[in-house]
Amino acid sequence: MEPTKFLLDERSLPESWYNVIPDLPFELAPPLNPATREPVGPEAFAEIFPEEIIRQEVTAEPFVPIPEEVREIYALWRPTPLFRARRLEKTLDTPARIYYKYEGGSPTGSHKPNTAVPQAYYNRQEGVARLTTETGAGQWGSSLAFACRQMGLDCTVYMVRVSHEQKPYRRIMMETYGATVHASPTDLTQAGRNILEEDPASPGSLGIAISEAVEDAATNEDAKYSLGSVLNHVLLHQTIIGQESLKQIEMAGEYPDVVVGCVGGGSNFGGIAFPFVRENLVGDKGTRIIAVEPASCPTLTKGRFVYDFGDTAGTTPMMKMYTLGHSFVPPGIHAGGLRYHGDSPIVSALVDEGLVEARAYAQNPTFEAGVLFARAEGIVPAPEVTHAIKATVDLALEARGAGEEKIILFNLCGHGHFDLSAYEQYLAGDLPDVEHSEEEIERAVARIPG
């Protein structure tokens, strides 16, 4: 029997995270002061991040050592398995060989603890007592709640209101770990009160929740802010996914022609893709790298590559990224982790430079792909990763049409056990598709500063 699962033992757990910035063939645009629009340095983040996180955000070192205590906690679920999706291949009748890295075996069921644990560790090392954060689908919030419990920290989570209502079990999971969870926007912060004054029924957004979490941290001396995506230090921590995948795909005697990841802020995508981007940049590889997003929040495919705020209130440093405008409030699709108006500056720059491709799908086709995958491979995927699965299915069918034995790798970044209400809605035929006209996009981006 040919192997389907490729496993590494704890001795193969990466000792360092990979930093893609030194290998980029271009300079990243610096963050700007939100008031003066002048470039700012690391000091701009001192109010909300601990020193070591800031250092990692701007480091020029290609590899950053992982603290031993963090590696010990990682070993609860890492290294994670790589699977060949033989049953999916058979279902699609494709000559393509499909592999997926499965991150759903972590304590919280997703890739998010890969960065939550080191962030909580570094904050504890610097005497921080409480972390604040935002969360969309709840994957990040539950992961930070888990990490804070491991490190003896308190945790406050501002959960996007529409997800707070759609995904009560994520909230319960966070509270089980000891976190305090608020449906955002709240009346606890000035940012939240401003939104509620404009729209008392606001469904919330990641931009709004970020504003609230940042304000909470900045106005309380015992607290710092923790971010689950977008910035370099977050994507840095996630690269253990791609580093393990490189070893495992070699065990399979293969190398991917295409690497696929879903993208909202960029953590899952960067985690699987950046080590393969490195092989393209400094090696002799030519792998296609594809980032997949929802058509209802088409940041990379319809946004503008300009400077914008990372939060709705406009309090964070401005970053050059693909954005739909910091005031854009995405519709309440079930892939809550992908409902962000902007994107990672690094991922955005890679797309702008043509080193990464971007595509977008509506909600129903992604759930169709998710159900197809679940019925073939047995794992019910999170709504976010169904976007990557949809792209993978399309690529496999293209390979069938061309008679090509393409090797496709995607990151199955989490299971959908807490998202079954979304599947229920899809199976009942009640799941709406939301896409935006060019006129709607133009109105949204017209509010981007400058």
Test for I240: is it closer than 19 Å to T115 by Cβ and out of contact with any strand residue (DSSP E or B) (no Cβ under 6 Å at 6 or more places or on another chain): yes
Flag for T108 being touching a residue at least 60 places away in the same chain (Cβ under 8 Å) and either hydrophobic (A, V, I, L, M, F, W, C) or not in a helix (DSSP H, G or I) (or both): yes
S12 under 19 Å from P275 (Cβ atoms) and without any contact (Cβ under 8 Å) to a residue 60 or more places away in the chain: no
Complete set of residues in the range 123-140 that are of a type outside the set (S, T, Y) and at pLDDT below 95: E134, G136, A137, G138, Q139, W140
Filtered residues of the range 365-386 (kept if closer than 22 Å to G242 by Cβ and not in a strand (DSSP E or B)): F373, E377, I379, A382, E384, V385, T386
Residue in the range 56-86 that is nearest to I240 (Cα to Cα), counting only those that are in contact (Cβ under 8 Å) with a residue 60 or more places away in the chain and charged (D, E, K, R): R78
Selection status of L431, in a strand (DSSP E or B) and of a type in the set (A, V, I, L, M, F, W, C): no
Helices (runs of 4 or more DSSP H) contained in the range 175-255 and holding at least 2 residues small (G, A, S): 190-198, 206-218, 240-251
The range 244-298, residues that are over 19 Å from H415 (Cα atoms), hydroxyl-bearing (S, T, Y) and modelled with pLDDT under 95: S296
Residue in the range 191-211 that is touching a Phe, Trp or Tyr at 6+ places or on another chain (Cβ under 6 Å) and touching a residue at least 12 places away in the same chain (Cβ under 8 Å) present: yes
Residue check for P25: in a loop (DSSP other than H, G, I, E, B) and surrounded by 13 or more Cβ atoms within 10 Å (Cβ to Cβ): no
Residue within the range 387-407 that is in a loop (DSSP other than H, G, I, E, B) and in contact with a strand residue (DSSP E or B) (Cβ under 8 Å, 6 or more places away or on another chain) present: yes
Number of the exception - I448 against (1) hydrophobic (A, V, I, L, M, F, W, C); (2) at pLDDT below 90; (3) out of contact with any Ser or Thr (no Cβ under 9 Å at 6 or more places or on another chain): (3)
The one condition in (1) at pLDDT below 95; (2) closer than 18 Å to V263 by Cβ; (3) crowded, with 24+ Cβ neighbours inside 10 Å that H387 fails to fulfil: (1)
Residues (within 15 Å of G261 (Cβ to Cβ), assigned to a strand (DSSP E or B) and more than 17 Å from the chain's Cα centre (by Cα)) located in the range 276-309: R288
Selected residue (only one of V234, V259 is under 12 Å from the mean Cα position of the chain (by Cα) and of a type in the set (V, I, T)): V234
Criterion: exposed (fewer than 15 other Cβ atoms within 10 Å of the Cβ), closer than 24 Å to I346 by Cβ and out of contact with any strand residue (DSSP E or B) (no Cβ under 9 Å at 6 or more places or on another chain) - qualifying residue of A35, A60: A60
Any hit, the range 355-374, residues being touching a strand residue (DSSP E or B) at 6+ places or on another chain (Cβ under 7 Å) and of a type in the set (S, T, Y): yes
Scope the range 256-269; condition assigned to a strand (DSSP E or B), out of contact with any Lys or Arg (no Cβ under 6 Å at 6 or more places or on another chain) and not small (G, A, S); matching residues: V259, V260, C262
Checklist (1) closer than 24 Å to N114 by Cβ; (2) in contact with an Asp or Glu (Cβ under 8 Å, 6 or more places away or on another chain) applied to R171, failing item: (2)
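The values are calculated or read from the model by the stated rules, or taken from the named source; none is laboratory data. In this text the structure is predicted, and so the values were computed from the model without any measurement. Please note: Cβ atoms are built from the backbone with ideal geometry, for glycine as well, and neighbour counts cover all protein chains shown.
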